[in-house]
1. Any idea which of Pro51, Pro4 is closer than 26 Å to Lys113 by Cα and either aromatic (Phe, Trp, Tyr) or part of a loop (DSSP other than H, G, I, E, B) (or both)?
2. Quick check on my filter: what residues within the range 72-95 are of a type outside the set (Gly, Ala, Ser) and either within 12 Å of Arg41 (Cα to Cα) or in contact with a His (Cβ under 7 Å, 6 or more places away or on another chain) (or both)?
3. For residues that are in contact with a Phe, Trp or Tyr (Cβ under 9 Å, 6 or more places away or on another chain), on the phi < 0 side of the Ramachandran plot and in contact (Cβ under 8 Å) with a residue 24 or more places away in the chain, tally how many sit in the range 72-92.
4. In the range 107-117, which residues are within 15 Å of Gln60 (Cα to Cα), crowded, with 17+ Cβ neighbours inside 10 Å and among the aliphatic types (A, V, I, L, M)?
5. Would you pick out the residues in the range 39-58 that are among the hydroxyl-bearing types (Ser, Thr, Tyr) and exposed (fewer than 15 other Cβ atoms within 10 Å of the Cβ)?
6. Please determine whether any residue of the range 64-81 is modelled with pLDDT of 95 or more, within 12 Å of the chain's Cα centre (by Cα) and not in a strand (DSSP E or B).
7. Only one of (1) assigned to a strand (DSSP E or B); (2) under 18 Å from Arg25 (Cα atoms); (3) out of contact with any His (no Cβ under 8 Å at 6 or more places or on another chain) is not met by Lys101, so which one is it?
8. Look at Ala99 and say whether it is over 15 Å from the mean Cα position of the chain (by Cα) and more than 30 Å from Ala13 (Cα to Cα).
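The values are calculated or read from the model by the stated rules, or taken from the named source; none is laboratory data. Remember, it's a predicted structure, so these values are computed and weren't measured experimentally. Here Cβ is always computed from backbone atoms with ideal geometry, including for glycine, and neighbour counts include all displayed protein chains.
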Amino acid sequence: MYGPILTRTLRTAGPAAQIKLQADRKIIRADGSDLSFITVRITDANGQIVPTAANQLKFQIEGEGTLAGLDNGYQAGLESFRSDHHTAYNGLCLAIIRAKKKAGKILLRVSGKGIESANLEIVSK
């Protein structure tokens, strides 16, 4: 008579294995102030976010951009927003990239001990 109303699948994440990066914008203005917000996710080998991951992450920028700040959403955290490393909270972190005044490519590299690193390219025009 009636078909399924709701189907839901719950999956338990495996151990932290890799870093996934997602930019809100991959093209920004080369005006010295435009920003791109990069969501950093720590996932298992199947791409499932690991909600218990608290890995120390290292951030490196090459090209025509700078690292404007880092955060993880933990309100009681004491880590600097302006450093080149940050600890993930609930498997997440946020990197903010600022364009320089010269157009070109910006390469973000994120690495962490015991997990696969990730790279992301942003273009400033």
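1. Details: Pro4 fails: closer than 26 Å to Lys113 by Cα.
The unique qualifying residue is Pro51.
2. So the first thing to find is which residues in the range 72-95 are of a type outside the set (Gly, Ala, Ser), and the list is 72, 74-75, 78-79, 81-82, 84-87, 89-90, 92-94.
Matches in the range 72-95: Asn72, Glu79, Thr87, Tyr89, Asn90, Leu92, Cys93, Leu94.
3. 5
4. Those that are within 15 Å of Gln60 (Cα to Cα), crowded, with 17+ Cβ neighbours inside 10 Å and among the aliphatic types (A, V, I, L, M): Leu108, Val110.
5. Pass one, the range 39-58, residues among the hydroxyl-bearing types (Ser, Thr, Tyr): 39, 43, 52.
Listed by number, the residues that qualify are Thr39, Thr52.
6. yes
7. Answer for Lys101: the failing condition is (1).
8. Working: over 15 Å from the mean Cα position of the chain (by Cα): yes; more than 30 Å from Ala13 (Cα to Cα): yes.
So Ala99 fits the description; yes.
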